[in-house]
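Structure first, then comments.
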Amino acid sequence: MKTSLHEIIEKLAKGKIKFILIGGFAGIAHGCTYTTQDIDICCEFSVENLLKLQKVLKNLHPVHRMTPKRLKLELTAERCANLKNLYLDTDMGQLDCLGYVKGLGNYRDIKPLSETRDIGNGLKIRVLSIDALIKTKKTMNRPKDKEAILDLEAIRKKQNK
């Protein structure tokens, strides 16, 4: 079953946004059975990539989720230069765009720690590897990640057999 969150990922892929799927959806891509309410990506925080991201999301009415007034996403080259993360609400769901992943680094650092996945319709995306995903979840050390780590380690063990 395709969800709105899947559609966001497709839009990003079609828009040729430079991103790597991380977080809960990356875990699901590896076979975890838990659910997630948002999409977490690490993306290249270049002016070009962020302006492309804004264009891709325009019809989804993105707003900054972490601002009191839920301001519209209105990027300029100058604004892009100061951004480190974007936490967005869209008509299709939440999208968290990170410039840095704790324990791993920025987009350029983690690209070699990701793998290409075919998502259908001739679209491919990058997904954080299972080992890198486990590492960042351990580094984050959040209660909600403990169960995910157990799932991911069991999946990795099964894959290595």
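Express in nm, to one decimal, how much length is gained between Asn106 and Tyr34 on full extension, taking 0.36 nm for each residue of separation and deducting their alpha carbon distance. Working shown, then result.
On the way: separation 72, 0.36 × 72 = 25.92 nm, distance 2.59 nm.
Taking 0.36 nm per residue and subtracting the Cα distance, the gain is 23.3 nm.
Among DSSP beta bridges whose residues both lie in the chain, state the antiparallel percentage, nearest 5.
Values: 21 of 28 bridges.
The antiparallel fraction comes to roughly 75 percent.
Report ³J(HN,Hα) in whole Hz for each residue of the stretch 109-115, in order, from the Karplus equation J = 6.51 cos²θ - 1.76 cosθ + 1.60 where θ = phi - 60°; Gly and Pro get x.
5, 8, 4, x, 9, 10, 9
Work out from phi, with θ = phi - 60° and the Karplus expression 6.51 cos²θ - 1.76 cosθ + 1.60, the ³J(HN,Hα) of each residue of the stretch 75-81, listed in order in whole Hz, and give x for Gly and Pro.
Couplings: 8, 10, 4, 5, 5, 4, 4 Hz.
Of Lys111/Lys137; Lys18/Lys158; Lys58/Lys146; Lys72/Lys137; Lys16/Lys158; Lys52/Lys158, which pairs sit farther than 28 Å apart, going by alpha carbon to alpha carbon? Can you show the working numbers first?
Working: Lys111/Lys137 17 Å; Lys18/Lys158 31 Å; Lys58/Lys146 35 Å; Lys72/Lys137 30 Å; Lys16/Lys158 33 Å; Lys52/Lys158 39 Å.
Lys18/Lys158; Lys58/Lys146; Lys72/Lys137; Lys16/Lys158; Lys52/Lys158, as the Cα separations exceed 28 Å there.
At a Förster radius of 25 Å, what calculated FRET efficiency corresponds to the Cβ-Cβ distance of Asn160 and Val47, to the nearest 0.05? Intermediate results must be reported in sequence, preceding the final value.
Numbers: r = 41 Å, r/R0 = 1.66.
For R0 = 25 Å, the calculated efficiency reads 0.05.
What's the Cα-based Rg to Rh of the stretch 42-93, Rh via Kirkwood? Walk me through the numbers before you get to the answer.
Numbers: Rg = 10.4 Å, Rh = 11.2 Å.
Ratio of gyration radius to Kirkwood radius: 0.93.
Enter the angle in degrees (range 0 to 90, nearest 10) between the Cα long axis of helix 47-57 and the first principal axis of the Cα atoms of the chain, meaning the one along which they spread out most.
90 degrees
Which entry in (i) 16; (ii) 46; (iii) 12 matches percent of Cα pairs over 29 Å apart derived from the coordinates of this structure?
Calculated percent of Cα pairs over 29 Å apart: the matching label is (i).
If you place +1 on the Cβ of every Lys and Arg and -1 on the Cβ of every Asp and Glu, how big does the dipole about the Cα centre of the stretch 4-154 come out, in debye to the nearest 20? Don't jump to the answer; show the numbers that get you there.
Working: 25 positive and 19 negative charges, 86 e Å.
So the magnitude is around 420 debye.
Quick note: the coordinates plus some simple rules give every number you see, no bench work behind them. This is a predicted model, so every value here is computed, not measured. Methodologically, a virtual Cβ is constructed for each residue, glycine included, from the backbone with ideal geometry; neighbour enumeration extends over all protein chains shown.
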